Amino acid sequence: MLDEPIVYGNLQSYKLYVLPMAKRLFGNYSFRRKSAIKHHSNVQKMLEILALHGSLTTWGMAKIALNDDITNIRTKEKEYRRLLKGRKDRGKHSPGVLDVGLVVTDGKNYNRGPADVYRLSVHGILYCLDVLELTNKEIDKMAHHYSNVLPMMFGKWEYLKSIVSNDVYRLKTLAGGMFLDNIQVTKLSKFPVFELLTYLSIKYQEFFESIEEKKLADQLSYWFYTHLFLPSGSKQAGLDNTKLKKIFEDKQIKDWYYGFVEESIQFYQDRFTVMKKLAKH
């Protein structure tokens, strides 16, 4: 269980505020691609450990980083504490990943005395997908470890992969904010993607500054499922009806997503009623 409520904003807040700040503080390209500023590289390697191994204490992270060589484990653990909580230099505080909201506390571990447990937040998951250049197999690992954080997406990952195959990895493109506010291109689909994404923005617009993690997980998951209706390339069609029907054979997915669709329908019906009244005057 989380020690305290997570306070961060919706997906629009992530794209406009959190992601640019995280890229400025921790790097806008992967340490895997080319050498990076040491601080950027250290933070990204720590986030990579959390992505691929799930919730850990700083001691657990250090053990993984050092391949269980305990010789320098305390030094590494102190480094991770600084990366998490930031540091003060000449009276000025440098933000850590906890301050930015990429990582959250996730209870305590008592194996070696009480110690905070850390994991990626939803924003942290998106940053890793956008910047770290994870392989598909590594994304599968992250989905396994964070299935409870994103139950309708990562919790259904293997089921979705069995139907849509590599289309699940479109999430890497979405993590950078694509289509979040430039949704005109969604008219490429015969499905009502434009209307659904417009309503999705409206549904969560009041949560720009603060949102519960469950609501943020739902917003991201609605976004992900709706984009499965879109072509994955300029010359490709979206998912065929057979695959879409197969996805919604899962009753939990069907009830959850169709509930969102029904909300959308009601919203537009209410707006059309107002418009019709205006037309009569």
State the number of residues belonging to the range 104-137 that are under 17 Å from Ser221 (Cα atoms) and assigned to a loop (DSSP other than H, G, I, E, B). 1
Select from the range 51-70 the residues that are over 11 Å from Arg119 (Cα atoms), part of a helix (DSSP H, G or I) and open to solvent by 20 Å² or more (accessible area, probe 1.4 Å) and list them in ascending order. Trp59, Lys63, Ile64, Ala65, Ile70
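Residues are listed down the side, and each one gets a yes or a no for (1) buried (at least 19 other Cβ atoms within 10 Å of the Cβ); (2) within 24 Å of Glu213 (Cα to Cα); (3) at pLDDT 95 or above:
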residue	(1), (2), (3)
Ser13	yes, yes, no
Val18	yes, yes, no
Asn28	no, no, no
Ser35	no, no, no
Met46	yes, yes, yes
Mind checking which pairs have a first residue in the range 46-67 that is closer than 15 Å to Val103 by Cα and a second that is open to solvent by less than 30 Å² (accessible area, probe 1.4 Å) and acidic (Asp, Glu), Cβ under 9 Å, 6 or more apart or different chains? Thr57/Glu77; Thr58/Glu77; Met61/Glu77
Would you confirm whether or not the range 76-87 contains a residue that is in a strand (DSSP E or B) and under 24 Å from the mean Cα position of the chain (by Cα)? no
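The values are calculated or read from the model by the stated rules, or taken from the named source; none is laboratory data. Model, not experiment: these values are computed from the prediction. We place every Cβ from the backbone using ideal geometry, glycine too, and count neighbours over all the protein chains shown. Calculation scope for accessible area: heavy atoms of the full protein, side chains included, ligands and nucleic acids excluded. Shrake-Rupley method; radii C 1.70, N 1.55, O 1.52, S 1.80 Å.
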